[in-house]
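Comments concern the structure below.
The values are calculated or read from the model by the stated rules, or taken from the named source; none is laboratory data. Owing to the predicted nature of the structure, the values given are computational and were not obtained by experimental measurement. Backbone-built Cβ (ideal geometry, glycine too); neighbour counts: all protein chains shown. Protein only, heavy atoms only, side chains kept; ligands, DNA and RNA dropped before computing areas. Shrake-Rupley method; radii C 1.70, N 1.55, O 1.52, S 1.80 Å.
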Amino acid sequence: MTRPTTRAGTTPSIPRDSEPSPGLSAPRRWIPAALPGWPDLDALLGGSWARELDGRLAASAAPIHPGPARVFRALEATPADRVRVVILGQDPYHGPGQADGLAFSVRPGTAVPPSLRNVLEERRRDLGLSPPGHGDLSAWAREGVLLLNAILTVPEGAPGGHAGWGWERFTDAVLRSVAASARPAVFLLWGRHARKLAGFVDGPGNVRIESAHPSPLSAHRGFFGSACFSRANRALTELGAEPVDWTLRPIAGPGGAQVPAGADS
């Protein structure tokens, strides 16, 4: 499989893992051996790191969110060669039925959490787009916005419960792959945690836009008024890339009825 060309003409420096031992690998439930569209991650996903974390998740007694089918949805929805913007979250929502595999996003029909409500409010102030009446950000993922959590799973009711389990290594590999790509990318870094994760991101073709986190505890200290959406689009245009369409359209309810609450025009 051909790897994407990097700005230096070489593949990015991503941690490699040991080769799997023939005959010793049990079937995996949580972590696949490869992700289509992300060839730079093949060595990591095919090695001992992935097998060990998969086994640990499979042995967990607590319910885990999101389920196995949605853990890698951010990367499945936005392949490496389509990434234009990266938004970093911390870990998935920890309530039943909330997490959908995309950072900050929730499933249709789920109440919009406070941080996401603030994200949509800043989008309204910045771009004049009213709230869509839901918190499903799938449309952004299709536009090339990689909605990546630093930790891809969480035990039910225990935010941060899988920190230190090994997801950080995977997230670092994803970010390094995007940063090394020949394609321009804008990194929206909301809060200290995101800035620390992407501390190495620099150089031509990579733009960092930093602000406070959209949490109710910090949104008024630098997230509101940051104009991060329009700034990201200006940066993409200056880099010769297409801007992102940040529109979120209403979702049809039962019987085809539109969800009412201020749809985007």
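Some observations on this one:
- Residue identified as farther than 20 Å from His213 by Cβ and modelled with pLDDT of 95 or more among Ala103, Ala139, Ala182: Ala139
- Residue within the range 216-228 that is touching a strand residue (DSSP E or B) at 6+ places or on another chain (Cβ under 6 Å), surrounded by 18 or more Cβ atoms within 10 Å (Cβ to Cβ) and among the aliphatic types (A, V, I, L, M) present: no
- Filter pass, Ala219 being at pLDDT 95 or above and in contact with a His (Cβ under 9 Å, 6 or more places away or on another chain): yes
- Selection count where residues are assigned to a helix (DSSP H, G or I), open to solvent by 30 Å² or more (accessible area, probe 1.4 Å) and not aliphatic (A, V, I, L, M), scope the range 121-148: 5
- Residues that are at negative phi and either outside any helix (DSSP H, G or I) or acidic (Asp, Glu) (or both) within the range 37-63 comprise Trp38, Asp40, Asp42, Gly46, Gly47, Glu52, Asp54, Ala59, Ser60, Ala61, Ala62, Pro63, listed in sequence order.
- Filter result (under 13 Å from the mean Cα position of the chain (by Cα) and either free of Cβ contacts under 8 Å to residues at least 12 places away in the same chain or in a loop (DSSP other than H, G, I, E, B) (or both)) within the range 149-164: Ala150, Ile151, Leu152, Thr153
Here's the yes/no breakdown for (1) aliphatic (A, V, I, L, M); (2) touching a Leu at 6+ places or on another chain (Cβ under 6 Å); (3) at pLDDT 95 or above; (4) at positive phi:
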site	(1), (2), (3), (4)
Val178	yes, no, yes, no
Lys196	no, no, no, no
Gly199	no, no, no, no
Ser211	no, no, yes, no
Ser215	no, no, yes, no
